[in-house]
1. Please go through (1) of a type in the set (A, V, I, L, M, F, W, C); (2) buried (at least 17 other Cβ atoms within 10 Å of the Cβ); (3) at pLDDT below 90 for Ala93 and return the number of the only condition it doesn't satisfy.
2. Out of Ala24, Ala45, Ala41, report the one residue that is touching a Pro at 6+ places or on another chain (Cβ under 9 Å), loosely packed, with under 13 Cβ neighbours inside 10 Å and among the hydrophobic types (A, V, I, L, M, F, W, C).
3. Of all residues in region 122-149, which are modelled with pLDDT under 85 and closer than 23 Å to Gln99 by Cα?
4. Working carefully through the options Ala77, Ala24, find the one that is of a type in the set (A, V, I, L, M, F, W, C), outside the structural domain of Arg137 (by TED's automatic domain parsing) and either touching a residue at least 40 places away in the same chain (Cβ under 8 Å) or closer than 27 Å to Pro151 by Cβ (or both).
5. Could you check region 1-99 for helices (runs of 4 or more DSSP H) lying wholly inside it with 2 or more residues that are aliphatic (A, V, I, L, M) and in contact with an Asp or Glu (Cβ under 9 Å, 6 or more places away or on another chain)?
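The values are calculated or read from the model by the stated rules, or taken from the named source; none is laboratory data. Since this is a predicted model, take the numbers as computed values, not measurements. Here Cβ is always computed from backbone atoms with ideal geometry, including for glycine, and neighbour counts include all displayed protein chains.
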Amino acid sequence: MANRTKIRDMEQVRRWFEDGWTMAEMRRFYLENYHEETSPAMWTAIRRKLGYDSTIVHDPELMPWSLAPEHRHLFPAKMLRAEARVRAGKETARSHELQLWKAKRQELGQVVYYDATWPNGFYYVPREPGDGDLVARPGSRELLPAGAEIPGEI
């Protein structure tokens, strides 16, 4: 059986990658214009096939934990992933939001703490000696400390 692709114009897709389109933009375009549902995995495979670098950046200094599935898309995780991209020299669509978030953590003397067993997973906790610039040392907090905040946006 022949390998079927949903891609109508590979050169157009190449231009989109060159122009910095996100996978969400490409998926939306295909749905609105071709009435084709596409998946992030499909776009990742095409990105790799065309020889482009991965968009995923992992920085164990910023994300030293294995996140529970229900915590992967919470705001602190998004900000830490955006910061990892910046530190790796890549662009992020969240640069303004990231700067505001980092300034707020600095102003309040807070770092991000994560514990999958706690109800919300992520908390902003007061900075302690030995913590990183944005992240508390893993396992450094036995109990939820006084002054811990449940993260919201920014």
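1. (2)
2. One residue alone meets the criteria, Ala24.
3. Those that are modelled with pLDDT under 85 and closer than 23 Å to Gln99 by Cα: Gly147, Ala148, Glu149.
4. Ala24
5. Answer list for region 1-99: 75-87.
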